[in-house]
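The values are calculated or read from the model by the stated rules, or taken from the named source; none is laboratory data. From a predicted model like this one, the values you see are computed outputs, not experimental measurements. Backbone-built Cβ (ideal geometry, glycine too); neighbour counts: all protein chains shown.
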Amino acid sequence: MTEEQDHGRRTAAHGSRIDAYVDRYAARATGMVASEIRALFAVASRPEVVSLAGGMPYVTALPLDAVGEIVADLVAHRGTVALQYGSAQGDLHLREHICEVMREEGIDAGPDDVVVTVGSQQALDLITRVFIDPGDVVLAEGPSYVGALGTFAAYQASVVHVAMDDEGLDPAALAETIDTLSRQGRRIKFLYTVPTFQNPAGVTLSAPRRRQVLEICRRAGVLVVEDNPYGLLGFDGEPMRALRADDADGVVYLGSFSKTLAPGFRVGWALAPHAVRDKLVLALESAVLSHSTFTQLTVGQYLATQPWREQIKHFRELYRERRDTLLGAMEALMPPGCVWTRPAGGFFVWVTLPDGLDAKAILPRAVAERVAFVPGTGFFADGSGRRNMRLSYCYPEPERIREGVRRLAGVIQQEVVMRDTFGTGSAPAHAGVDTPGPDLA
Ligand code: PMP
């Protein structure tokens, strides 16, 4: 039974007037469904469970006292501005700082081109709202960010995945997919990509491929939406040059302070060519009138007064240690036949299980053994990813990560034994897109 049918049955039993209304949902609401695995994650958030599932930044490492002083000072001295409506495009001072942040990735842009949004998630929503009619094609890496897939589904886009490997999106596959779709007369509205430290795969598009991807999209007239919340969280060397740095007209860039500062501020942004920027501002206005002036001014003051580059360096070191811990433990403990990516930044490792194993079917057993992950199917719009799981190392302390991998490796090993004995592992769960919710995204 689907969630909607179940809901219908329960309300019918109560004979509620609401029955008449829920039948009248817009067609797009059918694309908005809660995950079947969400209930499991309620259990997974218990302290005894090591969660390698969540994508939550380690905000404990923030200078909370300094943030507290900024907030107090803001209310005391600029309260009437901070607590008032603001412009739909966002606070100018903050937009200037955003341009400074983007310069770290080679982007040369002015504040006039920036729209401040409620996290980059809202930027994704607005860009989709502006570009997508039902049935329009969005190209996306396979796997792709679950929150973006949820947005595309809500606007009834048709997501076509493009293969990727350890160097990111495969340019040959991209060119071929565009070709095939064009021959079929399908309308490709944009390529959605997370080129750097991808969520969920952890891989990064190499420099030569960046040039190829831009060239292919330019020739085919396909807009690129570059979603880059992890770009400054690399573990080695200088930040990667953003796609937007080499194509100001063909790329809409999405950024966020969620991973480099804190997601609770809900401050992200879109950098877009003028015409698109204007539409984004109008779309934002109709969605929320204006973003919170209070959090925008807080983030602006943080950037103006705090050593934010040092703070990001601190995050990088912290996450690098956790990445090393996770990879080291996996190397030592994972059963033969498992393979995984080796991220050079960001939060995530993408695991492929031995043949015949189903990650979603394994999840309940893993949670019973007090370890959680996100099954791979949530990161595809087409039901792929059964043999995959996403592991995150951003939140648990290193000791917990080691313990989590020990438990997980034990569960996978038992599955391998079951497969070898009975010809199959745990019963496969039924298909469906997972939307694990914000703390897991
Ligand atoms: N894009 C990607 C690739 C993400 O991983 C996330 C958060 N998990 C977001 C966008 C949304 O982040 P926020 O809205 O907090 O900026």
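Here K189 clears all of (1) assigned to a strand (DSSP E or B); (2) away from the ligand (no atom under 15 Å from the Cβ); (3) buried (at least 24 other Cβ atoms within 10 Å of the Cβ) except the condition numbered (3). Evaluate region 113-122: report whether one residue or more is at pLDDT 95 or above, at positive phi and touching a Leu at 6+ places or on another chain (Cβ under 8 Å). No, that holds for no residue.
Quick one: is G300 within 14 Å of the ligand (Cβ to nearest atom) and either closer than 19 Å to P111 by Cβ or at pLDDT below 95 (or both)? No. Taking R219, is it closer than 18 Å to V162 by Cα, at pLDDT 95 or above and not hydrophobic (A, V, I, L, M, F, W, C)? Yes; evaluated as a whole, the condition is true for this residue. Every condition in (1) in contact with a strand residue (DSSP E or B) (Cβ under 8 Å, 6 or more places away or on another chain); (2) more than 16 Å from the ligand (Cβ to nearest atom); (3) assigned to a helix (DSSP H, G or I) is met by G135 except one, and the failing one is (3). Take S158 and tell me if it is away from the ligand (no atom under 15 Å from the Cβ) and polar (S, T, N, Q). When the stated conditions are applied, S158 passes them. All conditions but one from (1) in contact with a helix residue (DSSP H, G or I) (Cβ under 7 Å, 6 or more places away or on another chain); (2) under 30 Å from V299 (Cα atoms) apply to T196; the one that does not is (1).
Table: residues versus (1) assigned to a helix (DSSP H, G or I); (2) closer than 26 Å to G168 by Cβ.
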{"residue": "G337", "(1), (2)": "no, yes"}
{"residue": "V351", "(1), (2)": "no, yes"}
{"residue": "G356", "(1), (2)": "no, no"}
{"residue": "V367", "(1), (2)": "yes, no"}
{"residue": "R390", "(1), (2)": "no, yes"}
{"residue": "E403", "(1), (2)": "yes, no"}
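Residue by residue through region 97-110, note down the ones that are away from the ligand (no atom under 13 Å from the Cβ) and either more than 25 Å from the chain's Cα centre (by Cα) or within 19 Å of T196 (Cβ to Cβ) (or both). Hits for region 97-110 are C99, E100, V101, M102, R103, E104, E105, G106, I107, D108, A109, G110. Every condition in (1) within 16 Å of the ligand (Cβ to nearest atom); (2) at pLDDT 95 or above is met by A82 except one, and the failing one is (1). Taking the listed residues G255, G337, G268, G264, the one that is within 14 Å of the ligand (Cβ to nearest atom), in contact (Cβ under 8 Å) with a residue 60 or more places away in the chain, among the small types (G, A, S) and surrounded by fewer than 17 Cβ atoms within 10 Å (Cβ to Cβ) is G264, with no other qualifying. Checking each residue in region 108-132 for being surrounded by fewer than 22 Cβ atoms within 10 Å (Cβ to Cβ) and either touching a Ser or Thr at 6+ places or on another chain (Cβ under 6 Å) or not in a helix (DSSP H, G or I) (or both) picks out D108, A109, G110, V118, I132. Of all residues in region 115-129, one or more are under 26 Å from T377 (Cα atoms) and away from the ligand (no atom under 15 Å from the Cβ).
Being without any contact (Cβ under 8 Å) to a residue 24 or more places away in the chain, part of a helix (DSSP H, G or I) and of a type in the set (A, V, I, L, M, F, W, C) holds for only one residue in L318, L327, L280, L297, and it is L327.
If the condition is being buried (at least 24 other Cβ atoms within 10 Å of the Cβ) and in a strand (DSSP E or B), then region 227-251 contributes D227, V251.
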